[in-house]
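For reference, the structure discussed in these notes is given below.
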Amino acid sequence: MEGQLTLSELNALVKDTLEVAFPEQLWLVAEIADMKINRTGHCYLELVEKDKGNEEVLARARATIWSWQFRFIRPYFETSTGQPLTNGLKVLVAVSVEFHEVYGFSLNIKDIDPAYTLGDMARKRNEIIERLTEEGIFDMNREIPFPDIPSRIAIISSPTAAGYEDFMNQLENNTEGYRFYTKLFAATMQGADSPGSVIMALDAIFEQSELFDVAVIIRGGGSQVDLNCFDDYELAMHIAQFPLPLLTGIGHEKDESVADMVAHTKLKTPTAVAEFLISKYDMIAEEIEGTKEAFLHLVSSLLNNEAQRLSSSVRLLKPIIKGSIEKIKINFFHKIKEVKPLVADTLEHQQFRLIKYSDKIVSESRSMLNKQLNRLSSFSVTARHETKLLYLSETSEIDEKFQRLKHLTGLHFEKYSNQIILCERTNMLVNPKNILKRGFSITLKNGKAVKTARGLEHGDMLEHILHIGKIKTIVDKHKSNQ
């Protein structure tokens, strides 16, 4: 039958046709679905185009970067983008269309434009930020109140990372001797597996979140390539909605990852995270010291005021007591004066009657005289008895008033004595000597109290005053940029 072709003839025609249709290289947008490098250095890729709505693959093609070109393309791309050439990247590549009679259709990649990939990465990053904002969770972690004393810390890090070691060294060897409880939740901190690993650590902390005050994500620096894993939506979503304040110190010196943006507090390095936590203790220590000084001042002021009040009360009581006694004496003497003329008048009146009727008495019988004498005697006894009763009554009233005044005076003295004893006990409790007995110490530099580690320099001489004795130390600080 005429017009029949062999397979090789057909493939040759296809090859010739493609060479005519695509005589020069062209720029192609595609996503790397798979990438392999063989032992000779050649890079074999599978490029795809996906539907933006449902991620369905619309087209697929094989591509090759020969080793002599790959040695230049790869480092240039990764240096420019800070991102490894790997699966999932959208790239703009210069390709030549190739067709081999045996191996079929493929693309030969001659160049890659890193600017396009950077723009695509930035677009994806912005899409993540916009999505978190639209969902209303972007600021959720920052809105959680930060604890005054963050003493219980959950740490997400690689156990072998230098940053983890720096963090623990800074935290455990702080100059003020603050104590922290820490627990490590190990995770992979770079590469494609990092987001999932960190999310698993966050879930583990969440299950026992009541045991911690804060959580931290730390790692010891690294290239931008290693840190791109923190621009991940799932990871950012978990951080934003985490129930504890979350701090990051993942080594970004210039750029800020999405994880940094949604975290409660972003710090550059693990050491900076430790210093931030220590600074919270310093703030509380300063507040306590200020409260202590204010309390001592208040107690001293109260003691002075009470002493003045007691002194004033004593000064006021003295004239009152003296005046009361004088008043009682005056009343007593007035009563005596009132009684004396009454008795004298009575006696004088009776004597007058006796004289008046003496003649009559003489003339009357002895019995009448005896009767009068008996009446006079009876009246005299009655007068003496009434005088005695009046005297006893006034004396009893004076004694009663004196005893009441004495009792009230005792109550006042007892009240103010108890207040003075209470103030003295309070002053004893806040006495620095008693505080030193409980194991505290006072740190001095050049004779002045040291309240914070700020301002201390290597080689500074410090003097520590204990309950018994003194200790001198020299400051030895280790500074780290990590």
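Are any residues in the range 44-84 touching a strand residue (DSSP E or B) at 6+ places or on another chain (Cβ under 7 Å) and among the hydrophobic types (A, V, I, L, M, F, W, C), and if so, which ones? Of everything in the range 44-84, those that are touching a strand residue (DSSP E or B) at 6+ places or on another chain (Cβ under 7 Å) and among the hydrophobic types (A, V, I, L, M, F, W, C) turn out to be LEU45, LEU47, VAL48, VAL57, LEU58, ALA59, ALA61, ALA63, ILE65, PHE70, ILE73, PHE77. Restricting attention to the range 1-52, the residues that are of a type in the set (Lys, Arg) and in a loop (DSSP other than H, G, I, E, B) total 2. For the range 387-423, a residue qualifies if it is in contact with a Leu (Cβ under 9 Å, 6 or more places away or on another chain) and farther than 30 Å from GLU306 by Cα, and exactly one does: THR387.
Residues are listed down the side, and each one gets a yes or a no for (1) in a helix (DSSP H, G or I); (2) more than 33 Å from the chain's Cα centre (by Cα):
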{"site": "ARG404", "(1), (2)": "yes, yes"}
{"site": "THR409", "(1), (2)": "yes, yes"}
{"site": "SER417", "(1), (2)": "yes, yes"}
{"site": "CYS423", "(1), (2)": "yes, no"}
{"site": "ASN434", "(1), (2)": "yes, no"}
{"site": "GLY439", "(1), (2)": "no, no"}
{"site": "LYS451", "(1), (2)": "no, no"}
{"site": "HIS458", "(1), (2)": "no, no"}
{"site": "GLU463", "(1), (2)": "no, no"}
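If the condition is being farther than 20 Å from GLY191 by Cα, surrounded by 14 or more Cβ atoms within 10 Å (Cβ to Cβ) and among the charged types (D, E, K, R), then the range 75-132 contributes GLU98, LYS110, ASP111, ASP113, ARG131.
Select from the range 143-191 the residues that are under 21 Å from ASP203 (Cβ atoms) and charged (D, E, K, R) and list them in ascending order. ARG152, LYS183, listed by residue number. Looking at PHE242, PHE185, just one residue is at pLDDT 90 or above, farther than 30 Å from THR452 by Cα and part of a strand (DSSP E or B), and that residue is PHE185.
Based on this model, can you work out whether SER157 counts as buried (at least 17 other Cβ atoms within 10 Å of the Cβ), closer than 30 Å to THR40 by Cβ and among the polar types (S, T, N, Q)? Taking the combined requirement at face value, the residue does not satisfy it. Suppose the filter is in a strand (DSSP E or B) and within 23 Å of ALA192 (Cβ to Cβ); does ARG74 pass it? Judged against the criteria, ARG74 is not a match. One residue stands out among those in the range 465-479 that are assigned to a loop (DSSP other than H, G, I, E, B) and at negative phi: the one that is farthest from the chain's Cα centre (by Cα), which is ILE468. Only one of the numbered conditions (1) in contact (Cβ under 8 Å) with a residue 12 or more places away in the chain; (2) at positive phi is not met by GLY177, and that is (1). Scanning the range 264-282 for residues that are of a type in the set (Ser, Thr, Tyr) and either in contact with a Pro (Cβ under 6 Å, 6 or more places away or on another chain) or assigned to a helix (DSSP H, G or I) (or both) yields a total of 3. Taken over the range 288-315, the residue count meeting the criterion of being surrounded by 11 or more Cβ atoms within 10 Å (Cβ to Cβ) and either farther than 30 Å from SER151 by Cα or in the same structural domain as ILE149 (by TED's automatic domain parsing) (or both) is 14. Cβ-Cβ distance below 8 Å, separation of 6 or more or different chains: which pairs start in the range 209-224 with a residue that is under 14 Å from LYS268 (Cα atoms) and end on one that is of a type in the set (Lys, Arg) and at pLDDT below 95? Matching pairs, first to second residue: none at all.
The values are calculated or read from the model by the stated rules, or taken from the named source; none is laboratory data. Since this is a predicted model, take the numbers as computed values, not measurements. Note that we place each Cβ from the backbone using ideal geometry, even for glycine, and neighbour counts take in every protein chain shown.
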